Amino acid sequence: MTGTDDMTRLGMTFDQVPERYHRLRPRYPTAMFDRIAGVAGLHRGSRVLELGSGTGIATQELLARNWKVDCVEPGVALVSIARQHLDDAPGLTIHEARFETWPLPEEPFDLVFAATSFHWIPAGIRFRKSHKALKPDGHLAVMHYRHVAGGDTELFDKLQECYIAHMPGADRTRRNKLPSPLKNTQAAAEMRKSGLFDIASISDELTIIEYSRDQYLELLSTFSGHIALDEEHRHALFACIARTIDEAGGRIRKAYRNELVIGKRR
C-alpha cells in the first residue's frame with residue numbers, strides 16, 4: 001500500500017511540469033459545474049473553497065459563475081501558472097499552502113470543491129477538515145476523471161505491452177474497461193463512511209479527446225507515475241509508445257469518464 005509520504009511525493013510531481021500540465025490536462029465538462037450549482041443551491045457571491053487547484057483549470061469554471069473562490073494549492077510552480085492566468089479575476093484568492101496545515105478562515109464556505117485532487121489529501125483529514133470548513137447547510141463536491149475504454153481500445157491494448165516491458169511493477173492484466181452505469185464511486189463510498197455527509201448526487205459524463213503522438217506523450221509526462229519513473233525506464237517506455245502510435249497512423253483517441261459526487265454536510 002502506498003504510504004502517506006509516498007502519496008505526498010507523487011502528489012507534488014505535477015509541480016515539475018506546470019506549463020505542460022495546464023496546456024494538456026483534459027478540461028472538465030461545463031455541465032458538471034452547472035450540476036454543482038443546482039444541487040448545492042449556489043448563487044452569485046457564494047463562497048467556494050477549492051482544494052488542490054493546480055494551474056486553475058477548474059477554477060476558471062468556478063469563477064465564470066461569479067462565485068468567490070479561495071484556492072489552496074501547495075505547488076509553487078503550479079500557483080505561478082494559475083496567477084498568470086487568473087490573478088486579476090474578481091473574487092479570487094490563491095493560497096500557496098497544503099490544506100492539511102492551512103488555517104481555516106472564520107467565515108465558513110458554501111462549497112468545498114476538489115477536482116482530481118481530493119485523494120492526495122491524507123484520508124484522516126480530507127473529510128473532517130472539509131466538514132469543518134463548511135456552513136451547516138454546505139456541500140462538498142468531489143470531481144474526478146477516470147481512464148476508460150471507448151476511444152482507440154485496440155491501440156491501448158497494444159500500448160499496455162509497452163508498460164509491461166518498461167514500467168516496473170506494471171499489472172499484466174490491467175486494461176481500461178468500458179464504463180458501466182454509475183451507481184457508486186470510491187469517493188461516494190468514502191464520503192458515506194466518513195459519517196459527515198449525506199450523498200446528494202452522483203453523476204458522470206464521458207468525453208473522448210484525440211491527440212497526436214507528440215501531444216499524447218506530453219500528456220503522459222504530466223501523470224505522476226510517469227514523472228516518477230527513472231530516466232532509463234521513462235525513455236524506453238515513451239519510445240515504445242511513440243512507435244506503437246506511429247504504426248497506428250500517428251494519432252490516438254482517449255476516453256475519460258468524468259465522475260462527480262456531491263455530499264451535503266450533516
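The values are calculated or read from the model by the stated rules, or taken from the named source; none is laboratory data. Predicted model, so just to flag it, every value in this text is computed and none were measured. Cβ sites come from the backbone with ideal geometry, for glycine too, and all protein chains shown count toward neighbours.
Taking the range 218-231, which residues are over 14 Å from residue 25 (Cβ atoms) and surrounded by 16 or more Cβ atoms within 10 Å (Cβ to Cβ)? Spell out the reasoning first.
Residues of the range 218-231 over 14 Å from residue 25 (Cβ atoms): 225, 228-231.
Within the range 218-231, just 229 meets the criteria.
Every residue in the range 178-198 that is over 19 Å from residue 120 (Cβ atoms) and either surrounded by fewer than 16 Cβ atoms within 10 Å (Cβ to Cβ) or touching a Pro at 6+ places or on another chain (Cβ under 9 Å) (or both), please.
Listed by number, the residues that qualify are 178, 180, 181, 182, 183, 184, 192, 195, 198.
Given the condition in contact (Cβ under 8 Å) with a residue 24 or more places away in the chain and in a helix (DSSP H, G or I), answer yes or no: does some residue in the range 167-185 qualify?
no
I want to confirm something. Restricting to the range 61-116 and keeping residues that are surrounded by fewer than 18 Cβ atoms within 10 Å (Cβ to Cβ) and acidic (Asp, Glu), which single residue is modelled with the lowest pLDDT?
Filtering the range 61-116 for residues that are surrounded by fewer than 18 Cβ atoms within 10 Å (Cβ to Cβ) and acidic (Asp, Glu), the one modelled with the lowest pLDDT comes out as 87.
How many of the residues making up the range 221-235 are in contact with a Phe, Trp or Tyr (Cβ under 7 Å, 6 or more places away or on another chain) and modelled with pLDDT of 90 or more?
Adding up the residues that qualify gives 0.
Among (1) at pLDDT below 95; (2) buried (at least 18 other Cβ atoms within 10 Å of the Cβ); (3) basic (Lys, Arg), where does residue 27 come up short?
Residue 27 satisfies all of (1) at pLDDT below 95; (2) buried (at least 18 other Cβ atoms within 10 Å of the Cβ); (3) basic (Lys, Arg) except (2).
Looking at the range 232-264, which of its residues are more than 30 Å from residue 33 (Cβ to Cβ) and either crowded, with 20+ Cβ neighbours inside 10 Å or aliphatic (A, V, I, L, M) (or both)?
Kept after step one, since they are more than 30 Å from residue 33 (Cβ to Cβ), are these residues of the range 232-264: 232-250.
Selection gives 236, 237, 239, 241, 242, 245, 248.
Among the residues of the range 231-252, write down those that are under 22 Å from residue 148 (Cα atoms), in contact (Cβ under 8 Å) with a residue 40 or more places away in the chain and in a helix (DSSP H, G or I).
237, 240, 241, 244, 245
Take the range 70-117 and flag every residue that is among the polar types (S, T, N, Q), in a helix (DSSP H, G or I) and in contact (Cβ under 8 Å) with a residue 24 or more places away in the chain. Before you say what the answer is, go through the steps one by one.
Restricting attention to the range 70-117, the residues satisfying the condition of being among the polar types (S, T, N, Q) are 80, 84, 93, 101, 116-117.
Retained after the next criterion (residues that are in a helix (DSSP H, G or I)): 80, 84.
Of everything in the range 70-117, just one residue is among the polar types (S, T, N, Q), in a helix (DSSP H, G or I) and in contact (Cβ under 8 Å) with a residue 24 or more places away in the chain, namely 80.
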